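Beneath this line is the structure, given in structure tokens, with notes to follow.
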Amino acid sequence: MLPAVRLISEAAELAARRHNGMARKGRGNEPYINHLAEVANLLATATDGADAELVAAGWLHDSIEDTETTREELAERFSDRVASLVVECTDDMSLPKAERRRLQVVEAPKKSAGAKLIKIADKISNIGARVHADPTAEERADLIDYTDWAEQVVTGCRGGNSWLDTRFDDVVHIARASL
């Protein structure tokens, strides 16, 4: 097992390389890596830096879903736990969006404690990225739709970290106030 700082640093580097050139939804043409950095930082803050594997999985949580990265590669390079957390957070992209969303709501309560924290951090980041000072009608509709759905997912993930639960509530409040 790699030392904690190396584990996180190497996860960040792999995430940056694999997501190179990708833009995130919500904030114009912001590089996708910013989302991964935000999720990892939320997890590091929520755990006070005590869980390097969780933070590494935060960096990598979209790598299987969005890139050619495999579970086996993550297990070999990082750890079985990191790989398992990423797999738990990976949607089956062969399914229609509505079904992927439905499954996230249904399966959230069954996830491991770590995967639940990643899910909450992911939703905090994604809602925050959708908040605009002067949203268009389309941006408003997207924010309402995403926030309503994220609340359903997070309902099944709550209770593992009060700081993260509060941050989620805060970003939902900000999102609703921006409308």
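Just checking the listed ones, Asn34, Asn161, Asn20: in the Gaussian network model of the chain with Cα springs under 10 Å, the one fluctuating most is Asn20.
What nm distance separates the two modelled labels at Ala16 and Glu72, each placed 7 Å from Cα along Cα→Cβ? Here the answer is 2.8 nm between the modelled labels.
Put one equal scatterer on each alpha carbon of the range 44-134, apply the Debye formula with no solvent term, and list log10 I(q)/I(0) at q = 0.10, 0.13, 0.15, 0.22 1/Å to two decimals. Each listed q maps to, in turn, -0.27, -0.46, -0.61, -1.18. Rg over Rh for the chain works out to 0.95, both radii taken from alpha-carbon positions and Rh defined as the Kirkwood radius. Candidates Ile120, His61, Leu14 compared by Cα position along the dipole of the chain: farthest toward the positive end lies Ile120, with charges placed on Cβ.
Database remark: amide H of Ala23 closer than 5 angstrom to the amide H of Tyr32 (H placed geometrically; neighbours at sequence offset of 5 or more, or on other chains; Pro and chain starts carry no H). Taking the Cα centre of the chain as reference, the dipole from Cβ charges on Lys and Arg (+1) and Asp and Glu (-1) amounts to some 220 debye.
Values in this text are rule-based calculations from the coordinates and carry no lab data. In this text, all values refer to a predicted model and were calculated from it rather than measured experimentally. With ideal geometry, Cβ positions are generated from the backbone for all residues, glycine too; neighbour counts draw on all protein chains shown.
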